[in-house]
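The values are calculated or read from the model by the stated rules, or taken from the named source; none is laboratory data. Keep in mind it's a predicted model, so treat the numbers as computed, not measured. Counting neighbours? That spans all protein chains shown, and the Cβs are built from the backbone with ideal geometry, glycine included. When the accessible area is computed, the model is the full protein with side chains, heavy atoms only, and any ligands, DNA or RNA have been set aside. Shrake-Rupley method; radii C 1.70, N 1.55, O 1.52, S 1.80 Å.
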Amino acid sequence: MVKNHLDQNGSPKPPRSQEELEHSDVKKLSEDIDQFIDVLSACHDRSNPPEVPETVETFSKIIDSKIHKHNTCEREEDNFLIEAVSRLSKLTNSLSEFPSGSTTTRSLNRTSMVLQRAMTFMEEDLRMLLEDKNSSFNSNRLLLVDGDQCVLTLSESSGGDEEYPSFPPATLTRMNRIASAMILAGYETECCQVYSISRRNAFGEQMKKVEFEKINMEDVQRMPWNSLEGEMTRWIRVVKSCSTTLFPGERRLGDSVFSESPKISESLFSNLARAVVIQLLDFAEAVTLTKRSAEKLFKYLDMYEAMRDLIPTINMLCSSECENNELNSEIQATADRLGESALSIFCDLENSIKNDVARTPVPGGAVHPLTRYVMNYLKYACEYKVTLEHIFQQHVKLDGSNSNPPVKSKPTLEVAEGESESPHSSETTVASGTTPFSIQLVTIMDLLDTNLEAKSNLYRDHALHHIFLMNNGRYILQKVKGSTEIHQVMGDTWCRRRSTIVRQYHKNYQRETWGKVLQILSHDGMQVHGKVAKTTVKERFKNFNAMFDEIHRSQSSWIVSDEQLQSELRVSISALVIPAYRSFFGRFRQYLDNAKQADKYIKYQPEDIETLIDDFFDGNTTSMARRRT
């Protein structure tokens, strides 16, 4: 016995500390409890239980003491307590298998009471760990909103180091041990309730941090557009966060805490996801019931896309097919209603064009506001081309057995006699193939052409009529070329034909404006009996001056805002008029009697004409007056 107190060199061992003694005693006590549990399990005669050793009472007292120390903030190493409670749970279960009134009843009552206290402590401890503010996630890093676009910034700003929810590994391990101990002890309901309430509250806090709160349906329908647009933007942000960060994070947390009980993890996540999704769907449903208007289209489409992307997230995170089908069916039904609303708004653009009836022409033949509105609207709409095509395919069926009928465009161009028929009047098929969306897009283009043709008839000056059509036609063409999405639908053939139309308007303008001028500058009819008639020369110069003055006065106030088109017009006019005037000027100036007479009838040198042409299409009503001064 003495040797046990000597070290390997024969020297006396130093006395053990109280902590070492207690640890040694607890370890020995735990081994004794495990042995007794084995004895209880091996006892087949339940009516004759074995004698309960004193170690059971001692073990219960130690656990009771540990719980008391934790509750009075004298927190020690937690591992022993969790292991001890798990061991006490097994012991209690084993004791409960013997009939009431047997020798085990007193010990069962004792261990059950201690176990209940332990479970109450663990329940509170789990709640504290779940609600630890130091483990909260910085929701401000979820998203940044750039205009109307939601952009994920978590991985960019943090290198992906921070996950939602951001519990330290040690905390996750402790929560896992607590959950396992509670479930083993038969306190699964209490454990799940604490976890569920804490995570719902935490999720609600994330919603508040991104300024999204539940709004009832009546308030949504009464909201002015500016307020509703902000709420829709926040809603989109939340749904995208759920798809990319919040839902995956909640599933990871549940799997970590309930790693030994995957079905419980699945159930808890499904219940949380369902509660959140239903709240999101309620808002979306309320939005679909608001009055439809053109400016809502793009927010509807953003909401539709956010819901569409949520479905695969639910599929990935929920393994229960029944739960998936039910929740996804609700998401899809609401997404379909959003899609129907978006489709209705987009198709209502037809009525907007038809109802835009003007009584006064746009000054200067400029691009009409309707043209700008429609083309910009189509440009932004076509950024959602894939989504719109999907929605159209769902809600619009092509008529007839032929799924690819040709798309007919309406003729909108007046052509001169002998000219070839307008490309607009021929049958065309859009580049991306005939789909309900592409048909709708071409229909809108045709309606816009028809509307502009009607508006062009408001101009009494036929030349300005063609300038107006040329301006608007060029604007439409440039918008189509400048948008990859619209260009894909309309195609290169459509663009070439549109260019032909614009060139024809250009030719018609030249004919209307400069045809009579070129007749004046013609050398025909200048001779009488083989000699140049001076009176005819004087009359021709006089008529040219008057006609050019009038053209300059009016067409300097006309507007061609496309710089390239403006330059092309001026160059073409110069190429047409200046050589003719230079030739007429050089050939017939000599027939005026003297310098005084020449000054009277010759108002412009050829160089002056070229300079004055540069005033055309500037929208300047005072250019001639300024030059005269």
Practice prompt. Being charged (D, E, K, R) and within 60 Å of the chain's Cα centre (by Cα) is the filter here, so list the residues in the range 491-540 that pass it.
Written response: 492, 496, 497, 498, 503, 507, 511, 512, 516
Worksheet entry | Qualifying residue in the range 319-327 (condition: touching a Leu at 6+ places or on another chain (Cβ under 9 Å) and surrounded by 16 or more Cβ atoms within 10 Å (Cβ to Cβ)) | no
Fill in: Residues satisfying the stated conditions in the range 359-384, i.e. out of contact with any Ser or Thr (no Cβ under 7 Å at 6 or more places or on another chain) and open to solvent by 30 Å² or more (accessible area, probe 1.4 Å)
359, 360, 361, 363, 369, 372, 373, 376, 380, 383
Discussion item. Cβ-Cβ under 7 Å, sequence separation 6+ or interchain: first residue in the range 265-294 and in a helix (DSSP H, G or I), partner among the small types (Gly, Ala, Ser) and open to solvent by less than 10 Å² (accessible area, probe 1.4 Å). Which pairs?
Written reply: 265/254; 268/254; 269/254; 288/341
Worksheet entry | Residues of the range 197-232 classified as charged (D, E, K, R), closer than 19 Å to residue 242 by Cβ and part of a helix (DSSP H, G or I), total | 6
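Let's see how each residue does on (1) among the small types (Gly, Ala, Ser); (2) at pLDDT 50 or above; (3) under 27 Å from the mean Cα position of the chain (by Cα); (4) in a helix (DSSP H, G or I):
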site	(1), (2), (3), (4)
144	no, no, yes, no
151	no, no, yes, no
156	no, no, yes, yes
160	yes, no, yes, no
164	no, yes, yes, no
172	no, yes, no, yes
176	no, yes, no, yes
186	yes, yes, no, no
195	no, yes, no, yes
Item to complete: Taking residue 573 as meeting all but one of (1) over 60 Å from the mean Cα position of the chain (by Cα); (2) closer than 14 Å to residue 506 by Cα, write down the number of the exception.
Response: (1)
Discussion item. Tell me the residue from 359, 372 that is charged (D, E, K, R) and modelled with pLDDT of 95 or more, please.
Written reply: 372
Discussion item. Any residue that is among the aliphatic types (A, V, I, L, M), modelled with pLDDT of 80 or more and closer than 18 Å to residue 56 by Cβ - is there at least one of those in the range 93-101?
Written reply: no
Discussion item. Test of understanding: among 219, 255, which residue is of a type outside the set (S, T, N, Q) and closer than 19 Å to residue 172 by Cα?
Written reply: 255
Practice prompt. Within the range 271-281, identify whether any single residue is out of contact with any Lys or Arg (no Cβ under 8 Å at 6 or more places or on another chain), over 28 Å from residue 395 (Cβ atoms) and open to solvent by 30 Å² or more (accessible area, probe 1.4 Å), and answer yes or no.
Written response: yes
Worksheet item: Would the range 230-247 turn up any residue that is without any contact (Cβ under 8 Å) to a residue 60 or more places away in the chain and open to solvent by 70 Å² or more (accessible area, probe 1.4 Å)?
Response: no
Worksheet item: Any chance the range 339-346 includes a residue that's assigned by the TED database to the domain that holds residue 235 and touching a residue at least 60 places away in the same chain (Cβ under 8 Å)?
Response: yes
Discussion item. Restricting to the range 503-521, count the residues that are farther than 11 Å from residue 572 by Cβ and free of Cβ contacts under 8 Å to residues at least 24 places away in the same chain.
Written reply: 2
